[in-house]
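> Sharing a structure with you now.
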Amino acid sequence: MTIRLLPSTTVNRIAAGEVVERPASAIKELVENSIDASAKRIDVIIRDGGRTFMSVTDDGCGMSPEELTLAVERHATSKLPGDDLENIHTLGFRGEALPSISSVSRMSITSRIEGADSAWMVAIEGGKKSEPAPAAFGLGTIIEVRELFYATPARLKFLKTPKTENSHALDAIKRLAMAHPSIAFTVGDGSRTTLKLPRSQGDMLSARLDRLDAIMGNEFATNALAINAEREDLHLSGHIGLPTLNRGNAALQFLFVNGRPVKDKLLFGTVRGAYRDFISHDRHPLLALFLDIPAESLDVNVHPAKTEVRFRDAGLVRGLIVSALRHALAEAGHRASTSVSNQALGAMRPETSSPKSYQGNYSANQNRPGAPSAGLREAAHEFQTPLNNLDGSLSVKEVTAEQIKEVADDWPLGVARAQLHETYIVAQTDNGIVIVDQHAAHERLVYEDMKKALAEDGIKRQGLLIPEVIEMDEGAADRIAARKDEFSELGLVVEAFGPGAIVVRETPAMLGEINIHGLINDLADDLAENDEALSLKERLADVSATMACHGSVRAGRHLNGDEMNALLRQMEVTPHSGQCNHGRPTYVELKLADIEKLFGRR
Ligand code: ADP
Ligand code: MG
């Protein structure tokens, strides 16, 4: 056995295995270097997904010929002046990227510092570097990488299609660009520019929102809540999407710590926790969060790729994120994202290719024997009769546009005008209409009421004049009886009543009149299906949904004008009422301007 020190080229290739997993990681390292060099503008060219060619050009501080030679040596860095790993303020610090990339590719670096007569260039092929030679270039640095991984063919085999590799590279650049809105970025293949991000001006928050708008799309920017929170010396800022704007995966969740994009399980888990009440477990909100934390409270030296971090006080970080997000979501109140009404508009837009069929049907109806033209009037009258007695409050029938204008500020969800299909409340606002899914809305109100009551003085109960006995199979009755203390806390007082029966004595007052039989059976089914280990309080969203299902405002129940307006007013003052317990919207709002578009009036 002979033990020997490996030659530096081999050492660098071993490091490259971790630092440069794929072309995107090389691009990320090069762009990070440009950001660390205080560049104001960074231009990236990628061909073949980065496999045959990539270059990163910046207008940063540049390197002198001596620095050029050193930069590609292993563990050579300008970024740890005090050798202090506890105090890192740059994206780089390991001095590994350039030697790693250059050991597995053909690389050239051309750079010029301020005050120098010319630029200088070094070329490195498979780890062997040339002497610096004068070259023509403006201020800053251009690094070109050709035939990445030619020296490690095993790695080449693991690359995906150029298109996939390209999108990974683009993703890495976008992440860095989000955290640095004051730097202009372009990405292209040399002939065509695919991403162009101008410098964002203004204060940090608005510059950042501009950049997020450009990268995540306008839908996010218009449906995002600003976050700005502090705890001790941590600072959290950024934007989070409304829960109703969600996706099937977490690809549009971006987290940054001290300007560094991170993929940290702890942080992602914390975000999930903050949204848990507002979004179904298989949907993911969109967000970009920026955490600033004193360098000494953070360890970024976890992995060569530097995308993981460790916090000295993880609990503090979690607490800050959860409270800031919950607070913002609560303040958003009943707001549902515009994407909901956009979807609705999309669905409603008539097929422009065959508008004639509408006319066809219309005349066919008119000619039909016994066409209900008189009957319709009657039906319309009937429809409104139960809504007449509205003592003093704005009448569903009679309300005028002026009256609606007067209350517009206080009643953003408008004045109820009709109930359709005994399920949807149609309300008129100052400049549009609101359609409420009464069941989804009520479900949410019940849930929020229960949460609040539990936290304060308990859920109010309402005694039944005649206790109701419900017969069911023995197992089901046992399951309900076993949880009777928990149910009683939630406002439902039940007891075992011999084998295979339950007696119900009190119900939650907030539910109004309920179908007790249906409720108890559903709760029993629910207990049979779901995790025994979780308390009912922990599953409050499900339990309250089941309860709301049997309460007075379920779908299919007729509501009078007072009841409808009461529901709207309650929604306005209830946090999170813009979506039901499962993240579906409880209402959509259509602005007159949009409706006019639907009819081609605009
Ligand atoms: P690290 O970034 O960890 O210091 P790198 O291998 O990425 O290690 O880079 C080595 C050094 O080369 C850097 O510390 C920096 O001084 C210099 N350097 C790399 N890229 C640039 C650039 N675009 N502009 C100016 N200096 C650079
Ligand atoms: Mg670096």
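> Could you list the GluC sites (Glu not before Pro) in region 52-107 that lie in coil according to DSSP, counting only those with at most 13 other Cβ atoms within 10 Å of their Cβ?
Numbers: sites: E66, E67, E73, E86, E96; in loops: E73, E86, E96.
Qualifying residues, ordered by number: E86.
> A further question on this structure: Report the charge-dipole magnitude of region 204-331 in Debye, nearest 20, computed about the Cα centre from +1 at each Lys and Arg Cβ and -1 at each Asp and Glu Cβ.
Using Cβ point charges on Lys, Arg, Asp and Glu, region 204-331 gives about 380 debye.
> While we're on this one: List the aspartates and glutamates whose Cα lies under 14 Å from the Cα of K28, skipping any in the same chain that are fewer than 8 positions away.
Partners found: E18, D36, D43, D58, E96, E144, E165, D171.
> Can you give me the angle between helix 438-455 and the longest principal axis of the chain, using Cα atoms only, in degrees from 0 to 90, rounded to the nearest 10?
Compared with the principal axis, the helix lies near 80 degrees.
> Give me the accessible area per residue for the chain, probe 1.4 Å, as a whole number in Å².
With the other protein chains kept in place, the chain gives 50 Å² per residue.
> May I ask which residue of A151, A251, V543 lies farthest towards the positive end of the charge dipole of the chain, with charges of +1 (Lys, Arg) and -1 (Asp, Glu) on Cβ and the Cα centre as origin?
A151
> Among S105, A455, H235, which residue has its Cα positioned farthest towards the positive end of the charge dipole of the chain, with +1 placed on the Cβ of Lys and Arg, -1 on the Cβ of Asp and Glu, and the dipole taken about the Cα centre?
Ranked along the dipole, the leading option is S105.
> For the Cα atoms of the chain, what angle does the longest principal axis make with the long axis of helix 314-332, in degrees from 0 to 90, nearest 10?
Helix 314-332 sits at roughly 50 degrees to that axis.
> So if I place +1 on the C-beta of Lys and Arg and -1 on the C-beta of Asp and Glu, and nothing else carries charge, what would the dipole magnitude of the chain be about its Cα centre? I want it in debye, nearest 20. Write out the running numbers ahead of the final one.
Numbers: 67 positive and 83 negative charges, 524 e Å.
Using Cβ point charges on Lys, Arg, Asp and Glu, the chain gives about 2520 debye.
> Additional query: Taking the Cα centre of the chain as the origin and placing charges on Cβ (Lys, Arg +1; Asp, Glu -1), which of G556, I124, A177 is farthest toward the positive end of the dipole?
The Cα lying farthest towards the positive end belongs to I124.
> Starting from 0.36 nm per residue, how many nanometres of slack lie between R74 and A501 once their C-alpha separation is accounted for? Show your work: numbers first, answer last.
On the way: separation 427, 0.36 × 427 = 153.72 nm, distance 7.70 nm.
Residue separation times 0.36 nm, minus the Cα-Cα distance, leaves 146.0 nm.
> Here's a follow-up. On C-alpha positions alone, give me the angle between the axis of helix 8-19 and the longest principal axis of the chain, in degrees, nearest 10.
10 degrees
> Over region 541-585, with every protein chain in place, what whole percent of the accessible area is carbon and sulfur at 1.4 Å, could you tell me?
Accessible surface attributable to carbon and sulfur in region 541-585 totals 54 percent.
> Return the Cα extents of the chain along principal axes one, two and three, sorted largest first, each rounded to a whole Å.
Result for the chain: principal-axis Cα extents of 95, 65, 44 Å.
> Here's a follow-up. Any aspartates and glutamates with Cα under 15 Å of the K452 Cα? List them, leaving off those in the same chain fewer than 8 positions away.
Candidates past the 8-residue exclusion: D277, E443, E489, E538.
> Where a ≥ b ≥ c are the square roots of the eigenvalues of the C-alpha gyration tensor, would you call region 1-133 rounded, which needs a/c under 1.5, or, failing that, prolate if a/b is larger than b/c, or oblate?
Rounded shape, in that the Cα axes give a/c under 1.5.
> In percent, what relative contact order does the chain have, based on Cα pairs under 8 Å that are 6 or more apart in sequence?
Value for the chain: 11 percent.
> Say the cut-off is 27 Å between C-alpha atoms; which of K196/K591; K79/K160; K79/K163; K451/K484 go over it?
Pairs exceeding the cut-off: K196/K591; K79/K160; K79/K163.
> Right, here's the next one. Which peptide among 235-248, 461-474, 100-113 comes first, and what is the full order, when sorted by highest mean count of other Cβ atoms within 10 Å?
Working: 235-248: 21.1, 461-474: 12.9, 100-113: 24.4.
With the highest mean Cβ count within 10 Å placed first, the list reads 100-113, 235-248, 461-474.
The values are calculated or read from the model by the stated rules, or taken from the named source; none is laboratory data. It should be emphasised that the depicted structure is a prediction, and the values quoted were computed from it without experimental measurement. Every residue, glycine among them, receives a Cβ derived from its backbone with ideal geometry; neighbour counts consider all protein chains shown. Accessible surface areas use protein heavy atoms only, side chains included; no ligands, DNA or RNA. Shrake-Rupley method; radii C 1.70, N 1.55, O 1.52, S 1.80 Å.
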